[in-house]
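First comes the structure, then the notes that go with it.
Nothing in this text is a laboratory measurement; each read-out follows from the coordinates by a stated rule. Everything numeric here is computed off the predicted structure, so don't read it as measured data. No Cβ is skipped: glycine too gets one built from the backbone with ideal geometry, and neighbour counts run over all protein chains shown.
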Amino acid sequence: MYYLAYSYFNREGTEKNFKKAFHWFTKAAEKDNINAMFNLAVCYKNGEGTEKNFEKAFHWYQKAAEKNHIDAMFILAVCYKFGEGTKKNFEKAFYWYQKAAEKDNIDAMFYLAYSYYIGKGTEKNLKNAFYWFQKAAEKDNINAMFNLAVCYYNGEGTEKNFINAFHWYQKAAEKDNINAMFNLAVCYKNGIGTEKNFKKAFHWYQKAAEKDDIDAMFDLAVCYENGEGTEKNFEKAFHWIKKVAEKDNINAMFNLAVCYKFGEGTEKNFEKTFYWFQKAAEKDNIDAMFNLAVCYKNGEGTEKNFEKAFYWFQKAAEKDNIDAMNYLANIYYTGEGTEKNFKNAFHWYQKAAEKDNIKAMFNLAVCYKNGEGTEKNFEKAFYWFQKAAEKDNIDAMNYLANIYYTGEGTEKNFKNAFRWYQKAAEKDDIKAMFNLALCYKNGIGTEKNFEKAFHWYQKAA
């Protein structure tokens, strides 16, 4: 009976006839033929020779599995996992994966390993997961190869071993596992488990990108942008960044906006710049929030809107974007886009200055000097002018020189005043040029030198 059904099913010696195959599989299954039970389940599952019926498919898979049909054991586990023809039951899925794996079903080995790895249907056990991933990988299960590599890479269920991780990523990548292709590229790029090789990294990024791996597309764009493993090609970089951005990758949205802003790999287009900064900002990309605020402030790609600029500077500042903190402080200081509020201005200048924003250091010093948003404090003003001046802020250099000249916030020191006027003057600050000329004329902090005084008066004029 079974062989007759098999002949009808597989067109061996007769025409294919699923109905007759189903009829004879049923007859044979009812007489306890295990292979017939399994094939009858397949007929019910796929609707071959009968209507689809997952409950009956489950029934016959179960009957065959209980009689040690290995493929039936595996598929019965799948039925329990996905709730096909029965209620979901991860513990029973685990049980049958284990039974099938112990009888050398390779797919079952992988799923058993994965059950141990994530702790579904059983307790998490990374050593057991590693054991079964290894067993399946050695029998050419591609997903197991990838997961075995991950175990070696992270030291899960075994000691970390980057060389072994690289080996198994390579094996899986060569068999078209997309995640492995990407990770193999990362290994070549960073010299993990192998020597650095940008060309091979590029090759595998490209392979994975062509199979729609989003992370690979992004990194491939970076390769083209920086000329890593290939020649620089901004047009191709733009092509891949655009592909990734259109798949809702937030970092790619930001980078695409930058491409449109500066005309990298495409023509400048401020409207598209604004569009992509907005898309990325709305998905919580902090740098995009800041740049979107700048667009609203300057009317780039959209109409000027100081209220919206304020909104996005505030959003970015609250997420620790340092430049946004300084801009937000400026808005509170000037009242452009919100009401003037020196206390809030001082607060944000202080936050940004403490995170090494040079402009904020200068502005914080001005607040202390003038008592804006805080009490006047010449010593703190001096401190922050000095910090900003030492980081090449020209306005701060000039103010610092004035402080040394007047002794307001520190002791008078004409030599230091001269030194900072000179530094600022050499960076084309006109006030500093004039004051430097006065120093040379009157011998303040240096010897009198009328020629140099004349030189700097002339420069300032």
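In the range 113-167, how many are in contact with a helix residue (DSSP H, G or I) (Cβ under 6 Å, 6 or more places away or on another chain) and part of a helix (DSSP H, G or I)?
At the first step, the residues of the range 113-167 found to be in contact with a helix residue (DSSP H, G or I) (Cβ under 6 Å, 6 or more places away or on another chain) are 113, 115-117, 120-122, 125, 128-130, 132-137, 139, 141-149, 151-153, 156-158, 161, 164-166.
With part of a helix (DSSP H, G or I) added as a condition, the list becomes 113, 115-117, 128-130, 132-137, 142-149, 151-153, 164-166.
Result for the range 113-167: 27.
Give K211, K242, K207 a once-over and let me know the one that is in a helix (DSSP H, G or I) and touching a residue at least 24 places away in the same chain (Cβ under 8 Å). I'd like the intermediate steps shown before the answer.
On the way: K211 fails: in a helix (DSSP H, G or I); K242 fails: touching a residue at least 24 places away in the same chain (Cβ under 8 Å).
After applying the criteria, what remains is K207.
Please pick out the residue among D176, D107, D140 that is within 26 Å of G229 (Cα to Cα) and of a type outside the set (G, A, S). Spell out how you get there, then give the answer.
On the way: D107 fails: within 26 Å of G229 (Cα to Cα); D140 fails: within 26 Å of G229 (Cα to Cα).
From the options D176, D107, D140, the qualifying one is D176.
Could you say which residue among E195, E228 is more than 22 Å from H167 (Cβ to Cβ) and either free of Cβ contacts under 8 Å to residues at least 40 places away in the same chain or surrounded by fewer than 21 Cβ atoms within 10 Å (Cβ to Cβ) (or both)? Step through it out loud before you land on a result.
Numbers: E195 fails: more than 22 Å from H167 (Cβ to Cβ).
Only one candidate passes the filter, namely E228.
Looking at Q206, is it surrounded by 17 or more Cβ atoms within 10 Å (Cβ to Cβ) and within 26 Å of L256 (Cα to Cα)? Even if it seems obvious, please write down each step before you answer.
Details: surrounded by 17 or more Cβ atoms within 10 Å (Cβ to Cβ): yes; within 26 Å of L256 (Cα to Cα): yes.
Against the criterion (surrounded by 17 or more Cβ atoms within 10 Å (Cβ to Cβ) and within 26 Å of L256 (Cα to Cα)), Q206 qualifies.
Here's the yes/no breakdown for (1) under 27 Å from V222 (Cα atoms); (2) buried (at least 21 other Cβ atoms within 10 Å of the Cβ):
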| site | (1), (2) |
| --- | --- |
| F133 | no, yes |
| N141 | no, yes |
| F146 | yes, yes |
| F162 | yes, no |
| W168 | yes, yes |
| K189 | yes, yes |
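Identify, from the list A353, A281, the residue that is in contact with a helix residue (DSSP H, G or I) (Cβ under 8 Å, 6 or more places away or on another chain) and either without any contact (Cβ under 8 Å) to a residue 12 or more places away in the chain or within 30 Å of G409 (Cβ to Cβ) (or both). Step through it out loud before you land on a result.
On the way: A281 fails: either without any contact (Cβ under 8 Å) to a residue 12 or more places away in the chain or within 30 Å of G409 (Cβ to Cβ) (or both).
Only one candidate qualifies: A353.
Do you know which of the residues in the range 373-426 that are out of contact with any Gly (no Cβ under 8 Å at 6 or more places or on another chain) and of a type in the set (D, E) is surrounded by the most Cβ atoms within 10 Å (Cβ to Cβ)?
D395
For the range 99-112, does any single residue satisfy the condition of being free of Cβ contacts under 8 Å to residues at least 12 places away in the same chain, assigned to a loop (DSSP other than H, G, I, E, B) and on the phi > 0 side of the Ramachandran plot? It would help to see each step written out before you state the result.
Going through the range 99-112, the residues free of Cβ contacts under 8 Å to residues at least 12 places away in the same chain turn out to be 102.
Now narrow it down to the ones that are assigned to a loop (DSSP other than H, G, I, E, B): 102.
With the extra rule that they be on the phi > 0 side of the Ramachandran plot, the set shrinks to none.
Scanning the range 99-112 turns up no residue that is free of Cβ contacts under 8 Å to residues at least 12 places away in the same chain, assigned to a loop (DSSP other than H, G, I, E, B) and on the phi > 0 side of the Ramachandran plot.
Which residue out of K304, K247, K236 is under 29 Å from L184 (Cα atoms) and in a loop (DSSP other than H, G, I, E, B)? Write out each step before concluding.
Values: K304 fails: under 29 Å from L184 (Cα atoms); K236 fails: in a loop (DSSP other than H, G, I, E, B).
One residue alone meets the criteria, K247.
Residues that are farther than 30 Å from C439 by Cα and of a type in the set (A, V, I, L, M): list the helices (runs of 4 or more DSSP H) wholly contained in the range 331-414 that include at least 2 such residues. Quick ask: steps written out before the conclusion?
Working: elements: 342-354, 358-370, 378-390, 394-406.
Output list reads 342-354.
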